[in-house]
Amino acid sequence: MTEPAPWWTNAIFYQVYPRSFADSNGDGVGDLDGIAAHLDHLSLLGVDAIWLNPVMVSPMADHGYDVADPRDVDPLFGDLGALERLITAAHTRNIRVTMDLVPNHTSSAHAWFQEALAAAPGSVARQRYIFRDGQGPDGAKPPNNWVSVFGGPAWTRVADGQWYLHLFDAEQPDLNWDNPEVFEDLEKTLRFWLDRGVDGFRIDVAHGMAKPPGLPDMTVPDLEMLTHDDDDPRFNHEGVHDIHRSIRSVLDDYPHAVTIGEIWVFDNEDFAKYLRPDELHIGFNFRLVRAEFDPASIRGAIENALAAAALADASPTWTLSNHDVEREVSRYGDGVAGLARARAMAMVMLALPGAVFLYNGEELGLPNVELPDEVLQDPVWERSGHTERGRDGCRVPMPWSGDAPPFGFSSNPGTWLPMPPEWSALTVERQLADPDSTLTFFRTILQLRHSTFHFAEFDVEWLHLRDDALAFSSGGVLCVLNAGRTALALPAGDVLAASAPLLGGKLPPDSAAWIATG
Ligand code: TEU
């Protein structure tokens with residue numbers, strides 16, 4: 001008998017950015033009890049799992065990606081009890097809970113880093129991080145020319161003259177993964193959460209961690225920030241695969257749990273290495289996020305993502321947005337066209353075999369928000385010398401109900417990021433009552449994905465209708481996207497759903513439809 005496919009194979013994951021989902025205690029920041037109180041929303045959507053961004057103890061220099069204690073919950077979000085209640089409540093609804101894990105770096109407030117600062121150069125405490133002497137006669141120049149992903153140098157000098165490496169904020173020192181203590185500690189963290197019932201981890205910067213011996217200079221040190229290039233020596237070093245093998249050896253004790261790598265690697269063979277049978281289960285493929293609203297670009301992204309996963313015999317994954325990228329409504333042009341295209345792309349994504357990741361607010365058609373300078377919080381804003389606005393615009397809290405901010409997100413009008421008054425038209429409450437809303441649309445297509453698609457393999461068959469259209473079938477459904485300027489005649493068949501009303505039986509521009517093929 002063949003083993004049944006693991007639960008995550010074609011699962012719908014819903015990413016909850018805890019700061020922005022729901023605030024239960026009126027401090028203006030979302031929290032764990034807030035999430036637990038809104039599980040109805042997730043049941044209504046019919047999602048299979050939550051991916052929870054970091055909720056561990058953190059000074060929040062990078063909103064939780066700077067972890068000071070990886071085995072406890074930050075009081076801003078609640079406590080361990082609140083997390084356990086959330087896991088139990090989600091499980092009762094058949095929703096699994098996966099958590100973020102941040103193995104590349106810690107917070108500078110972590111006890112290890114504080115110990116390292118107090119210790120002498122060359123000490124055991126310093127060897128948990130990447131401390132080096134500087135260059136030049138007095139060591140006043142950084143050890144190499146690496147830049148931080150958030151802008152500025154990737155090195156910060158400490159009082160005794162040594163420098164430490166941080167690929168992100170200065171408050172996120174990179175761990176030294178050549179030191180066995182680092183994995184020993186991660187193993188404790190993995191078991192700590194798995195023993196509390198979590199169903200797996202999204203692994204932050206899964207292509208980071210290992211650093212090339214000798215830390216050679218970058219050839220393009222002025223790499224535009226927040227871009228990803230496969231020739232970048234800061235990431236995707238061969239040694240990272242041993243780390244993933246060690247992580248997997250622990251996960252194999254918990255066969256219900258999944259590991260999902262955040263892998264900003266674009267070469268298909270390099271990407272597939274992360275998904276070998278003894279490494280990660282699945283990995284984020286970011287090609288669809290990068291694709292233009294253009295049939296050739298979208299098809300290229302899909303074909304490459306399928307090919308990369310197939311090389312490792314792993315499930316493909318699909319995502320259009322997350323807490324790091326501009327929301328797709330805005331990427332596709334904002335306004336009416338941006339929303340129409342985002343809805344159409346949701347149908348493209350949900351017609352594909354593999355695991356799908358939705359980001360909270362995507363189901364409401366939220367656009368990115370242009371925030372005023374004085375409220376920006378992403379470290380990118382400061383570190384880039386105010387040249388990059390950062391990622392706050394895609395992290396504005398969820399509008400739940402009512403006619404004015406904070407729209408039921410909090411009892412406190414001083415939400416951590418301000419909410420636009422015009423979101424009164426986009427609240428969950430308003431959209432639930434409207435049969436034509438984006439939320440109703442998402443409920444329909446998510447339900448159809450569960451009931452109608454029969455994905456046996458990760459096969460996609462392409463059909464050419466018109467140069468400005470995309471058409472493929474998978475799991476017994478044909479998906480047609482019209483990216484052109486004129487209405488498109490649809491192939492014969494039962495139209496199961498469309499992202500916009502058909503015009504005399506034709507598919508309007510900037511929309512998509514699903515047709516039953518058997
Ligand atoms: O992101 C890793 C990463 O490479 C990001 O720099 C990403 O490229 C950028 O945000 C633009 O898309 C992860 C987390 O998702 C991010 O939120 C953290 O800030 C970062 O790691 C550091 O932990």
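The values are calculated or read from the model by the stated rules, or taken from the named source; none is laboratory data. Please read these numbers as outputs of a predicted model, since none were measured by experiment. Cβ atoms come from the backbone with ideal geometry, glycine included; neighbour counts cover every protein chain shown.
Among residues of the stretch 144-155 that are β-branched (Val, Ile, Thr), those with a Cβ under 6 angstrom from a residue that is in a loop (DSSP other than H, G, I, E, B) and within 16 Å of the ligand (Cβ to nearest atom), sequence gap 6+ or separate chain, pair up as 147/154; 149/167; 149/168. Take the stretch 109-132 and flag every residue that is touching a helix residue (DSSP H, G or I) at 6+ places or on another chain (Cβ under 8 Å), assigned to a loop (DSSP other than H, G, I, E, B) and in contact (Cβ under 8 Å) with a residue 40 or more places away in the chain. Answer for the stretch 109-132, where residues must be touching a helix residue (DSSP H, G or I) at 6+ places or on another chain (Cβ under 8 Å), assigned to a loop (DSSP other than H, G, I, E, B) and in contact (Cβ under 8 Å) with a residue 40 or more places away in the chain: just 120. Note on the stretch 315-409: enclosed helices (runs of 4 or more DSSP H) holding 1 or more residues that are in contact (Cβ under 8 Å) with a residue 40 or more places away in the chain and farther than 23 Å from residue 45 by Cβ are 335-350, 379-383. Within the stretch 16-27, restricting attention to residues that are crowded, with 24+ Cβ neighbours inside 10 Å and not aliphatic (A, V, I, L, M), the residue that is nearest to residue 397 (Cα to Cα) is 20.
With the condition being β-branched (Val, Ile, Thr), I'd like the strands (runs of 3 or more DSSP E) fully within the stretch 455-504 carrying at least 1 qualifying residues. Give the steps one after another, and end with the answer.
Numbers: elements: 461-463, 469-474, 477-482, 495-498.
Counting at least 1 such residues, we get 477-482, 495-498.
Listed by position, the strands (runs of 3 or more DSSP E) contained in the stretch 152-262 that have at least 3 residues being crowded, with 17+ Cβ neighbours inside 10 Å and in contact with an Asp or Glu (Cβ under 9 Å, 6 or more places away or on another chain) are 163-165, 200-203, 258-262.
Taken over the stretch 131-186, the criterion of being within 21 Å of residue 58 (Cα to Cα) and among the polar types (S, T, N, Q) is satisfied by 148, 156, 172, 176. Screening residue 5 on (1) hydrophobic (A, V, I, L, M, F, W, C); (2) surrounded by fewer than 17 Cβ atoms within 10 Å (Cβ to Cβ); (3) farther than 29 Å from residue 174 by Cβ; (4) at pLDDT 95 or above shows it passes everything except condition (4). The residues of the stretch 283-327 that are of a type in the set (Val, Ile, Thr) and more than 16 Å from the ligand (Cβ to nearest atom), listed by number, are 298, 302. Checking the stretch 41-54 against the condition returns a match, with at least one residue being under 17 Å from residue 83 (Cα atoms), part of a loop (DSSP other than H, G, I, E, B) and in contact (Cβ under 8 Å) with a residue 40 or more places away in the chain.
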